[in-house]
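See structure below.
The values are calculated or read from the model by the stated rules, or taken from the named source; none is laboratory data. Source: prediction; values computed, not measured. Counting neighbours? That spans all protein chains shown, and the Cβs are built from the backbone with ideal geometry, glycine included. Ligands, DNA and RNA are excluded from the accessible area calculation, which covers all protein heavy atoms including side chains. Shrake-Rupley method; radii C 1.70, N 1.55, O 1.52, S 1.80 Å.
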Amino acid sequence: MKHLLNIESLDAAQIDGILARTAEMKRLRGPHPDAPLAGECWALMFSKSSTRTRISFEVGIRELGGQPVFLAANDIQLGRGEPISDTARVMGRMVQGAVIRTYAQGDVEQFAALSGLRTINALTDLEHPCQILSDLFTIIEKRGSLDGLTVTFIGDGDCNVARSWIWAAAKLGFALRIAAPAKFQPPAELVRRAGGDIVVTTDVLGASTGADVLYTDVWVSMGKEDETAFRNAQFGGYQINQAAVDAAGGSPLVMHCLPAYRGKEITADVFEGNAQTIFDQAENRLHTQKAVLTLLEKRG
Ligand code: CP
Ligand code: NVA
């Protein structure tokens, strides 16, 4: 694996390999004794805000013996219109890897192709692979395996996180239920193409019934701020609340990729009642990032 660009292009064996390496990184913790990224500089080029992804990559690269170089897109010429194709070719001559958070998936793919660098998608409008790999690890850590589990995603079913869930479910064979308003459901063609056991519905409680995992993400993703009023009106009720937890029965894992907006996609009481899981989930971003960083093949 040269890059991590999306979940769509991974196979089950590659995902399993990342999850196994994540467990190893979590066991080891802290500075890696072999410093596998020694002598390497990694560019973190971010066009959108980030807390977890940025800190986990900055710390992870350091703990692996490398040096992160953080580049906010607006501080470099990219923000003034320099093409990604030129930025990629410059960086390819100066650093050894790149972690990119931006809007268009095509920009990350073009960067990977033109820079020749190991390239990681740190979130685009289309996918958030690092998040979902870490979430899969968290579920396995807490439930032992994904076999026979049903994950229910409530909220914006067409956002990057939901789309990465679709591909993960299709590749790994667990059941995925997506409860989303009609205007925010993933394209039927995408769900068909992914295959697997995926149901998309407007029925939050129906989708939550019997779920092993209840998962949500913000109603207003980065870049969609001008739709805030419309989205808030559309998403009312598409929330993890006590009724959804009760519908799941048993004690579902309640997960949130964060940042969380209490009273919107999750109620404050359900959030706080599940804070242990949610912040374990956040911590696991670090271990997963380190796993991915060590698994990408270096230039030959
Ligand atoms: N979940 C996640 O990616 O968080 P950040 O936007 O803070 O990186
Ligand atoms: N869907 C959210 C994820 C944030 C980590 C966004 O794109 O803003």
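Enumerate the calculated ³J(HN,Hα) couplings along region 66-78 in order (Karplus 6.51 cos²θ - 1.76 cosθ + 1.60, θ = phi - 60°), each rounded to whole Hz, writing x wherever the residue is Gly or Pro.
Couplings: x, 10, x, 10, 7, 10, 6, 3, 6, 8, 10, 5, 3 Hz.
Once the Cα atoms of helix 129-143 and of the chain are each reduced to a long axis, what angle between those two axes, in degrees from 0 to 90 to the nearest 10, is obtained?
60 degrees
Could you run the Karplus curve 6.51 cos²θ - 1.76 cosθ + 1.60 with θ = phi - 60° over region 217-232 and give me ³J(HN,Hα) per residue in whole Hz, x for Gly and Pro?
Each residue of region 217-232 in turn: 9, 4, 6, 10, 6, 4, x, 10, 4, 6, 9, 4, 5, 4, 5, 4 Hz.
Please give every one of the lysines within straight-line cross-link reach of Lys224, meaning a C-alpha to C-alpha distance under 26 Å, and leave out same-chain neighbours fewer than 8 residues apart.
Output for Lys224: Lys48, Lys183, Lys264.
Could you identify which residue out of Asp226, Asp107, Asp156 has the top mean-square fluctuation in a GNM of the chain using Cα springs shorter than 10 Å?
Asp226
Tell me, what is the per residue accessible area of region 30-134 in Å², probe radius 1.4 Å?
So region 30-134 comes to 41 Å² accessible per residue, rounded to a whole number.
Accessible area of Glu58, 1.4 Å probe, to the nearest 10 Å²?
40 Å²
Excluding residues fewer than 8 places away in the same chain, name every one of the lysines whose C-alpha is closer than 21 Å to that of Lys298.
Qualifying lysines at Cα under 21 Å: Lys2, Lys290.
With no solvent and one equal point scatterer per Cα, compute the Debye intensity ratio I(q)/I(0) for the chain at 0.08, 0.14 Å⁻¹ and report its log10, rounded to two decimals.
-0.33, -1.03
With a 1.4 Å probe and every protein chain left in place, tell me how much accessible area Asp280 has, in Å² to the nearest 10.
Near enough 30 Å² of accessible area.
Under 5 Å between amide hydrogens, which residues at least 5 positions from Leu4 or on another chain qualify, with H placed 1.01 Å from N in the peptide plane?
So Leu4 has HN proximity to Thr119, Ile120, Asn121.
Return the distance in nm (one decimal) between the two label points of a simple spin-label model at Arg262 and Asp11, each offset 7 Å from Cα along Cα→Cβ.
Going from the Arg262 label point to the Asp11 one covers 4.7 nm.
Sequence-distant or interchain residues sharing an amide H contact under 5 Å with Glu40, placed H: which?
Amide H to amide H, under 5 Å and 5 or more residues apart or across chains, Glu40 pairs with Gln67.
What is the gain in length, in nm to one decimal, between Glu225 and Asp197 on full extension, counting 0.36 nm per residue of separation less the C-alpha to C-alpha distance?
This chain segment gains 6.9 nm when fully extended.
Ala188 versus Ala38, label points 7 Å from Cα toward the beta carbon: distance in nm?
Distance between label points: 5.8 nm.
Using alpha carbon centroids, what distance separates region 104-161 and region 1-58, in Å?
Answer, in whole Å: 12.
Taking 2.2 N^0.38 Å as the expected size of a compact globular protein, what ratio does the Cα radius of gyration of region 1-80 give against it, to two decimals?
So the Cα radius of gyration is 1.26 times the expected 2.2 N^0.38 Å.
Regarding region 237-300, what are the three Cα extents along the principal axes, ordered largest first, in Å?
Cα spread of region 237-300 along its principal axes, largest to smallest: 54, 25, 19 Å.
Choose one answer from Lys224, Lys48, Lys171: the residue with the largest mean-square fluctuation in a GNM of the chain with alpha-carbon springs under 10 Å.
Taking springs between Cα atoms under 10 Å, the residue moving most is Lys224.
In degrees from 0 to 90, rounded to the nearest 10, what is the angle of the helix 105-115 Cα long axis to the longest principal axis of the chain?
The two axes meet at around 20 degrees.
Could you check the spin-label model distance between Ile55 and Glu297? Points 7 Å from the Cα along Cα→Cβ, value in nm.
3.5 nm
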